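What follows is one structure encoded as structure tokens, with my remarks underneath.
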Amino acid sequence: MPRPGNLRERACFNGSGRGAMLLSELTNRQIATFIYNHESKGLVSRGGFTLAQLLQETNRRVPEIPFGTVDTARLILKLSNRSPNGLTTYGDIWKSFGQDEPWVIFTSRPAVTNALERVGFYCIEHGLPLIITLVVDDAKFSPTESAKDNIYDYWVLRGLTPDQERDSFLENQQCLSRQVTLDDIASGS
């Protein structure tokens, strides 16, 4: 089973007799096939790569423009610190990055969601709490039951193994996230 660390160091047998292959050398189609095989067979690791590594590599390949990973992480902290309840929304993030376009659920949300996924991986890799738990979906500033399930399940699939049930895990992550400072997040994109 691969050890934690830099995904570009991961290797697997490529089946051609060439030996090991770096994750970064796989095509998008090959990665999609690995992910499909993992998910359809309920596997965590197959072919030398974990599902978490494959998902992270897929996410890494999506351009960060206009939402850079570190910039988004820092923005979440700034916006949530200004909020009376310590939370922010997808729409707040969209507006804060100077998007002149109005919020459109089928284009705006995927752009913000992708940025939040990268921030989630950043948090895991850097030993930070999941500051993305400070981002909620609606103006009521409370996630739906479905959103709570999605956040919890999504991160379990990406290698995070909480020792708490869903609601306690999310509340704990929010509490820990409120203690993260801008200095805890690297500067720049």
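The values are calculated or read from the model by the stated rules, or taken from the named source; none is laboratory data. It should be emphasised that the depicted structure is a prediction, and the values quoted were computed from it without experimental measurement. Neighbour counts are summed over all protein chains in view; Cβ atoms, including those assigned to glycine, are modelled from backbone coordinates with ideal geometry.
Taken together, the criteria exclude Asp183 from residues that are modelled with pLDDT under 90 and out of contact with any helix residue (DSSP H, G or I) (no Cβ under 7 Å at 6 or more places or on another chain).
Residues in segment 37-50 that are modelled with pLDDT under 80 and part of a helix (DSSP H, G or I): His38, Glu39, Ser40, Lys41.
Candidates are the residues of segment 51-82 that are modelled with pLDDT of 90 or more and surrounded by fewer than 15 Cβ atoms within 10 Å (Cβ to Cβ); the one that is farthest from Gln179 (Cα to Cα) is Arg82. Candidates are the residues of segment 83-137 that are basic (Lys, Arg) and touching a residue at least 12 places away in the same chain (Cβ under 8 Å); the one that is surrounded by the most Cβ atoms within 10 Å (Cβ to Cβ) is Arg118.
With the condition kept exactly as written, say whether any residue in segment 149-161 is under 20 Å from Trp94 (Cα atoms), outside the structural domain of Gln53 (by TED's automatic domain parsing) and surrounded by 11 or more Cβ atoms within 10 Å (Cβ to Cβ). Checked against the condition, which is being under 20 Å from Trp94 (Cα atoms), outside the structural domain of Gln53 (by TED's automatic domain parsing) and surrounded by 11 or more Cβ atoms within 10 Å (Cβ to Cβ), segment 149-161 yields at least one hit.
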